[in-house]
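Scroll down for the structure; my scribbles are underneath it.
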Amino acid sequence: VQLQASGGGLVQAGGSLRLSCAASGISFRVYTMGWFRQAPGKEREFVAAINWNGGNTYYSDAVKGRFTISRDNNKNTVYLHMNSLKPEDTAVYYCASSPNTPPRVEPSGYDYWGQGTQVTVSS
């Protein structure tokens, strides 16, 4: 199983980024997919999740209204569209897969993880 996250980078506050996570080795279309982030010195926190067919999405209060999660089951890829970025969004972002529906917000509810991609938002 491999989850390959990409798309991170350095952006100014107010800017946008799109993260991608390509999955292989799993039956992608039956899994809930999630994004988490971890800032230095902080615990890994839930950002967003999407159910198997994209019909239901879930967001943390910190990103609701600014971030959008989506998926393309034909490409085995989940995306995180991030708009109106703030310096406090700076973190390593991880994608993860989960057999749970509805998704859980605890990292323990996810079984496979990507390697992470760094997002840095400058003020």
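Computed from the coordinates by the stated procedures, all read-outs in this text should not be read as laboratory data. As the structure is a computational prediction, the values presented were derived from the model and not from experiment. Neighbour counts are summed over all protein chains in view; Cβ atoms, including those assigned to glycine, are modelled from backbone coordinates with ideal geometry.
Calculate the spin-label point distance for LYS64 paired with ILE26, positioning each point 7 Å from the Cα along the beta-carbon direction, and give it in nanometres.
2.5 nm
Given a Förster radius of 22 Å and the C-beta distance between ALA13 and VAL105 as r, what FRET efficiency does 1/(1 + (r/R0)^6) yield to the nearest 0.05?
Here the calculated transfer efficiency is 0.25.
So which trypsin sites (Lys or Arg not before Pro) in the range 1-70 are both in a DSSP loop and have at most 15 other Cβ atoms within 10 Å of their Cβ?
Passing both the DSSP loop test and the Cβ count: LYS42, LYS64, ARG66.
When the expected Rg is taken as 2.2 N^0.38 Å, what fraction or multiple of it is the alpha-carbon Rg of the range 1-64?
Values: Rg = 13.4 Å, N = 64, 2.2 N^0.38 = 10.7 Å.
Against the empirical 2.2 N^0.38 Å value, I get 1.25 for the range 1-64.
For the range 14-101, report the convex hull volume of the alpha-carbon atoms normalised per residue, in Å³, without decimals.
Per residue, the Cα convex hull of the range 14-101 comes to 95 Å³.
Hey, what did the chain get for relative contact order, percent, Cα under 8 Å, at least 6 apart?
Details: 312 pairs, mean separation 43.9, N = 123.
This gives 36 percent for the chain.
Between the alpha-carbon centers of the range 38-57 and the range 58-113, tell me the distance in whole angstrom.
3 Å
In debye, nearest 20: dipole of the chain around its Cα centre with unit charges on the Cβ of K, R (+) and D, E (-)?
Using Cβ point charges on Lys, Arg, Asp and Glu, the chain gives about 220 debye.
Which of the trypsin sites (Lys or Arg not before Pro) found in the range 70-122 are in a DSSP loop and have at most 13 neighbouring Cβ atoms, other than their own, within 10 Å?
The qualifying sites are LYS75.
Check each of the GluC sites (Glu not before Pro) in the range 4-109 and keep only those in coil by DSSP with at most 16 other C-beta atoms within 10 angstrom; list them in order. Present the calculation step by step, with values, prior to reporting the outcome.
Numbers: sites: GLU43, GLU45, GLU88; in loops: GLU43.
Passing sites in the range 4-109 are GLU43.
Within 13 Å, Cβ to Cβ, of GLY34, how many net charges do the neighbouring residues add up to if Lys/Arg are +1 and Asp/Glu are -1?
Details: positive: ARG37, ARG44, ARG71, ARG104; negative: GLU45, GLU106, ASP111.
Within the 13 Å Cβ shell, the charges total +1.
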